[in-house]
Amino acid sequence: TAWRVLGGLTAAGVVYVAVGFAQVWWAAHVDQARRVQAIVVLGSAQYDGVPSPDLAARLTHALALWRRGLAPVIVCTGGKEPTDLFTEAETEANWLAARGVPRDQLLPVVEGRDTWESLAAVARVLQSRNIRRVLYVSDPFHDQRLRMMSGELHLTPFVSPTRTSPIKGAALVPYYAKETLEVAVGRIIGFRRLSQITAR
């Protein structure tokens, strides 16, 4: 009957979303730090060239990975709001340079209004340099979506999330909910299409 079909579809949807959440949760608790061709720092808020606490946590972790010799270059990502003086990528590069990373080992990529657009711009720049193996640094809840997006962008992804993010406890709930929803939808329609829809 129609009710049984509806019930079956509802149950399948619940299971599908639950599996997506499990993948997001699992990826958040994995650290794949290893030698790669580039470390990629995902952008977050900055204030007149000063990283937000969340962005500073990502940068501190990326710096530690670079000091371990895991990659010869750090890619800094993120654009800016119309009223901002600095892009997120510029802020990241300046912060890292002030702590000893040579400028020729920093690669700011300032394009992108969301994660997909930022990664697409990064992929274009890196592939022009024959770079495909990347190590992402972001907040833990972000990692599953980053890995899935990389499949569409033909990058070989590994993740090493910061463990010092100020986003903790109950504050994580909306972030995990958002990531679970985007992973669930992106798997069906593709992350490029999802970015186009949400940008409208």
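Annotations for the structure displayed:
- Taking the criterion of being surrounded by fewer than 19 Cβ atoms within 10 Å (Cβ to Cβ) and more than 14 Å from Glu90 (Cβ to Cβ), the residues of the range 106-119 that qualify are Arg113, Asp114, Glu117.
- Of everything in the range 120-138 that is assigned to a helix (DSSP H, G or I) and open to solvent by less than 20 Å² (accessible area, probe 1.4 Å), the residue that is nearest to Gly190 (Cα to Cα) is Ala120.
Residues checked against (1) in a strand (DSSP E or B); (2) of a type in the set (S, T, N, Q); (3) modelled with pLDDT under 90; (4) closer than 21 Å to Ile188 by Cα:
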| site | (1), (2), (3), (4) |
| --- | --- |
| Gly8 | no, no, yes, yes |
| Val14 | no, no, yes, yes |
| Ala22 | no, no, no, yes |
| Gly43 | no, no, no, no |
| His61 | no, no, no, no |
| Leu65 | no, no, no, no |
| Cys76 | yes, no, no, no |
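- Qualifying residue in the range 86-97 (condition: loosely packed, with under 13 Cβ neighbours inside 10 Å, without any contact (Cβ under 8 Å) to a residue 24 or more places away in the chain and either in contact with a strand residue (DSSP E or B) (Cβ under 8 Å, 6 or more places away or on another chain) or part of a helix (DSSP H, G or I) (or both)): no
- Of the numbered criteria (1) among the small types (Gly, Ala, Ser); (2) surrounded by 15 or more Cβ atoms within 10 Å (Cβ to Cβ); (3) at pLDDT below 95, the one Ala57 fails is (3).
- Of the listed requirements (1) over 17 Å from Gly112 (Cα atoms); (2) aliphatic (A, V, I, L, M); (3) buried (at least 19 other Cβ atoms within 10 Å of the Cβ), Leu42 misses just one: (1).
The values are calculated or read from the model by the stated rules, or taken from the named source; none is laboratory data. Only a predicted model underlies this, so the values are computations on that prediction, with no experimental measurement involved. Heads up, the Cβs are rebuilt from the backbone with ideal geometry, glycines too, and the neighbour counts pull from every protein chain shown. Ligands, DNA and RNA are stripped out before the accessible areas are found, and what is left, the full protein with its side chains, is counted by its heavy atoms. Shrake-Rupley method; radii C 1.70, N 1.55, O 1.52, S 1.80 Å.
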